[in-house]
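The values are calculated or read from the model by the stated rules, or taken from the named source; none is laboratory data. Keep in mind that this is a model prediction, so the values were computed, not measured. Here the Cβ positions follow ideal geometry from the backbone for every residue, glycine too, while neighbour counts run over all protein chains shown.
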Amino acid sequence: MRAPSYSKNVNEIFSPEFINDPFPLYAHLRAKKPISEIGDSGFFLVTTWELIKEVLKREDDFSANLIGVLCKTSEGIPGSFDFPDTGATSVIATADGKDHSRHRNILSPAFTHHALAKFESYIREIAEEDLYILLRDRGGSCIPFIEKIPALAIAKLLGLPCNESDQFIRWAMIGGSMLAGEVSVRQLEYLARETEVMKSYLSMHFDKSYRLDWTLSEPLLTLLHREYDEGTITRDEAIGISVILFGAGGESTSALMGSCIFHLARSPEIQEELRSNFQLIDNFIEEVIRLSPPFKFHYRSVRSSCAIGNYDLSPGQKLMLCWDSANRDGIIFEDAERFSLSRKRPKSHMGFGRGSHFCLGAVLARLEVKVVIEELINRTSNIRLHGAPNYFDSIFVRRFNSLAISIEI
């Protein structure tokens with residue numbers, strides 16, 4: 001049996017209304033069409049917690065390899081843009097089985113709480129530098145520093161020279177642009193070429209990584225080079241991992257940081273709660289992740305003829321696992337639409353994925369965002385939104401294109 005169409009308007013997923021507020025449609029789909037096709041594109045929305053969990057368990061049927069993304073074609077309808085092989089289509093988050101486990105085992109020691117604690121002072125230093133301007137001017141745009149901090153953090157982790165931040169910021173945001181959906185084929189081709197430039201740059205630094213600075217800990221490029229020397233990974237895998245870490249570690253954290261500032265600035269009550277009890281900041285961040293996950297979904301490719309939710313699927317079709325829908329599933333969460341600082345298990349969400357592909361950089365993202373929120377709360381008496389913020393025009397990432405605040409000291 002074929003899955004139903006997600007909407008009477010095949011382009012609804014690209015509309016500003018859906019980009020800004022997809023949740024009414026998601027609620028309808030969870031109740032009536034938990035699996036639904038986007039026109040004749042071969043892409044399917046999976047919107048309930050249980051069905052997403054089932055897909056994640058069935059790796060033999062559904063691959064994490066990122067081989068194509070939903071986009072609006074030149075005919076103005078949903079279709080597929082197939083990715084060129086940049087080396088990042090089957091590494092770490094986009095790898096399967098033994099390859100995924102091998103890549104994850106190599107990187108995991110560098111992403112523990114203990115390993116990343118060494119970076120807190122560096123993150124706080126660059127956060128204070130940028131927040132100084134915001135505090136001095138009693139507010140302003142948050143975009144420059146919420147993009148800069150994650151880009152510099154991942155660059156430091158990789159072992160790259162931190163005086164090239166403008167380039168790093170641009171590259172950190174490429175992934176979301178490529179997956180945005182409402183991008184022309186010509187723009188996608190440009191972004192693919194820019195990714196090749198980033199790949200060449202990372203390749204150059206990978207080749208000389210034995211001379212990288214070890215002031216905090218062993219840079220990831222050095223670690224990857226050692227694994228390459230030992231034959232654990234290929235050179236293409238090492239470079240591909242570096243490419244994917246840049247996008248995943250930069251844009252997702254920037255998106256989450258912006259969402260946290262947005263929720264903070266629009267709610268004086270939450271601000272006061274956090275000022276009176278700093279320990280609630282962790283719960284605050286988790287609730288923002290639940291309600292506004294940085295990545296709205298991730299793709300899975302259908303490997304062979306199979307079925308899910310009583311609907312037939314064919315090889316080459318693609319599923320979109322909608323984290324931001326699953327995180328509002330009323331079967332899983334009590335009063336799911338409400339923002340609450342007192343949930344019993346605040347980390348029990350899909351904001352960072354689920355299962356074996358749970359986000360490797362979650363600890364780093366939480367650390368960066370916590371530092372920024374602590375500094376904002378500690379240095380202000382009130383934070384308010386200044387004007388109406390706008391989201392980046394993307395079906396994939398929930399990131400602000402404009403976000404300004406006013407501050408009282």
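Which members of the range 315-329 meet the condition of being in contact (Cβ under 8 Å) with a residue 24 or more places away in the chain and outside any strand (DSSP E or B)?
GLY316, GLN317, TRP323, ASP324, SER325, ALA326, ASN327, ARG328, ASP329
With surrounded by 21 or more Cβ atoms within 10 Å (Cβ to Cβ) and either of a type in the set (Asp, Glu) or touching a helix residue (DSSP H, G or I) at 6+ places or on another chain (Cβ under 7 Å) (or both) as the only criterion, which of PHE62, PHE44 stands out?
Exactly one residue qualifies, and that residue is PHE62.
Cβ contacts < 8 Å: first residue surrounded by fewer than 22 Cβ atoms within 10 Å (Cβ to Cβ), restricted to the range 145-165; second residue basic (Lys, Arg), any location; separation 6+ or different chain. Result?
That search, which allows pairs on different chains as well, returns CYS162/LYS156; SER165/LYS148.
Could you say which residue among ALA3, ALA31 is more than 22 Å from the chain's Cα centre (by Cα) and buried (at least 20 other Cβ atoms within 10 Å of the Cβ)?
Details: ALA31 fails: buried (at least 20 other Cβ atoms within 10 Å of the Cβ).
Result of the check over ALA3, ALA31: ALA3.
Would you check if there is a residue in the range 372-386 being more than 19 Å from ILE270 (Cβ to Cβ) and modelled with pLDDT under 95?
no
Output the number of residues of the range 269-281 satisfying the condition of being under 18 Å from PRO346 (Cβ atoms) and in contact (Cβ under 8 Å) with a residue 60 or more places away in the chain.
6
For ARG266, indicate whether it is touching a residue at least 12 places away in the same chain (Cβ under 8 Å), over 17 Å from the mean Cα position of the chain (by Cα) and farther than 20 Å from CYS142 by Cα.
It is false that ARG266 is touching a residue at least 12 places away in the same chain (Cβ under 8 Å), over 17 Å from the mean Cα position of the chain (by Cα) and farther than 20 Å from CYS142 by Cα.
Return yes when ILE261 is at pLDDT 85 or above, of a type in the set (Val, Ile, Thr) and over 23 Å from SER90 (Cβ atoms) and no when it is not.
The answer is yes for ILE261.
Which one of these does VAL69 not meet: (1) touching a Leu at 6+ places or on another chain (Cβ under 8 Å); (2) under 25 Å from ALA336 (Cα atoms)?
Among (1) touching a Leu at 6+ places or on another chain (Cβ under 8 Å); (2) under 25 Å from ALA336 (Cα atoms), the lone unmet condition for VAL69 is (2).
Give me a count of the residues in the range 369-409 that are farther than 30 Å from TYR26 by Cα and not β-branched (Val, Ile, Thr).
Selection size over the range 369-409: 9.
Which pairs do you get when a residue that is over 15 Å from PRO109 (Cα atoms) and in contact (Cβ under 8 Å) with a residue 40 or more places away in the chain, found in the range 222-245, comes within reach of a residue that is surrounded by 18 or more Cβ atoms within 10 Å (Cβ to Cβ) and among the aromatic types (Phe, Trp, Tyr), reach meaning Cβ atoms under 9 angstrom, with the pair 6+ apart or on two chains?
Short answer, once both residue conditions are applied: GLU237/TYR228; ILE239/PHE206; SER242/PHE206; VAL243/TRP171.
Name the pairs whose Cβ atoms lie under 7 Å apart, with the first residue in the range 1-21 and within 17 Å of TYR311 (Cβ to Cβ), the second in a loop (DSSP other than H, G, I, E, B) and not aliphatic (A, V, I, L, M), and 6 or more positions between them or separate chains?
MET1/ASN310; PRO4/LYS33; SER5/GLY39; TYR6/LYS33
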